[in-house]
Amino acid sequence: MRFFLIDRITHWEVGSNAEAIKNIALSEDFFSDHFPRRPVMPGVLIIEGMAQLAGLLLEAGLHAQFDKSAKAVITILERAKFRDLVKPGDTLTYTARQLSLNETAGKAAVEAKRDGRLITATEMVFSFREVDDPQLDERRQRLLDLWRTPQ
């Protein structure tokens, strides 16, 4: 199973920052087990949504700054703290801000908020891995284009 934990990218500035939203629906697969009769979004999936946005931002920065294409793989999660639960009906707003970037790695400060209230914040370090798969690149670009399409 593959989880896409971004519904739409609402702001995109390569080399700087990005913002995205995720609407949390009761129909999400993970709610059947986490937890029955008291659905709560797993914290690791909140982190995954944040990592998806930050990774895409850093990959775009790598391409723009160094003319390289590679996939961002999270290697370090720094000082993550969860401040509240996320439940069905909530909308998360993810923000990612590029802190540093070179040809082998990048770092971003990332937050998840609900109605302006901070749910979690962390800094993420990613390493870049070259993947020679044109089909994967095409699918990834279509997804990014879809997420960035104004509603």
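The values are calculated or read from the model by the stated rules, or taken from the named source; none is laboratory data. These numbers come from a predicted model, not from an experiment. Backbone-built Cβ (ideal geometry, glycine too); neighbour counts: all protein chains shown.
Could you pull out the residue among Ala54, Ala60, Ala20, Ala72 that is without any contact (Cβ under 8 Å) to a residue 60 or more places away in the chain, under 27 Å from Thr149 (Cβ atoms) and either crowded, with 20+ Cβ neighbours inside 10 Å or over 15 Å from the mean Cα position of the chain (by Cα) (or both)?
Exactly one of Ala54, Ala60, Ala20, Ala72 is without any contact (Cβ under 8 Å) to a residue 60 or more places away in the chain, under 27 Å from Thr149 (Cβ atoms) and either crowded, with 20+ Cβ neighbours inside 10 Å or over 15 Å from the mean Cα position of the chain (by Cα) (or both), namely Ala72.
Output the number of the condition that Ser100 fails; it satisfies all remaining conditions of (1) part of a strand (DSSP E or B); (2) in contact (Cβ under 8 Å) with a residue 12 or more places away in the chain.
Every listed condition holds for Ser100 apart from (2).
Could you list, in sequence order, all residues of the range 1-25 that are modelled with pLDDT of 95 or more and among the small types (Gly, Ala, Ser)?
Gly15, Ser16, Ala18, Ala20 - these are the residues of the range 1-25 that are modelled with pLDDT of 95 or more and among the small types (Gly, Ala, Ser).
Kindly provide the set of residues from the range 29-51 that are touching a residue at least 60 places away in the same chain (Cβ under 8 Å) and surrounded by fewer than 18 Cβ atoms within 10 Å (Cβ to Cβ), ordered by number.
Gly43
For the range 129-141, state whether one or more residues are modelled with pLDDT of 95 or more and of a type outside the set (Asp, Glu).
yes
Can you find even one residue in the range 20-34 that is among the hydrophobic types (A, V, I, L, M, F, W, C) and assigned to a helix (DSSP H, G or I)?
Within the range 20-34, one or more residues are among the hydrophobic types (A, V, I, L, M, F, W, C) and assigned to a helix (DSSP H, G or I).
Of the residues Leu143, Leu99, Leu136, which is farther than 14 Å from Leu56 by Cβ, aliphatic (A, V, I, L, M) and surrounded by fewer than 16 Cβ atoms within 10 Å (Cβ to Cβ)?
None of the others qualify; the one that does is Leu99.
Filter the range 97-134 for residues that are within 18 Å of the chain's Cα centre (by Cα), of a type in the set (D, E, K, R) and under 26 Å from Phe66 (Cβ atoms) and give the result.
Arg97, Lys107, Glu123, Arg129
Would you call Asp7 among the charged types (D, E, K, R), surrounded by 12 or more Cβ atoms within 10 Å (Cβ to Cβ) and farther than 23 Å from Gly106 by Cβ?
yes
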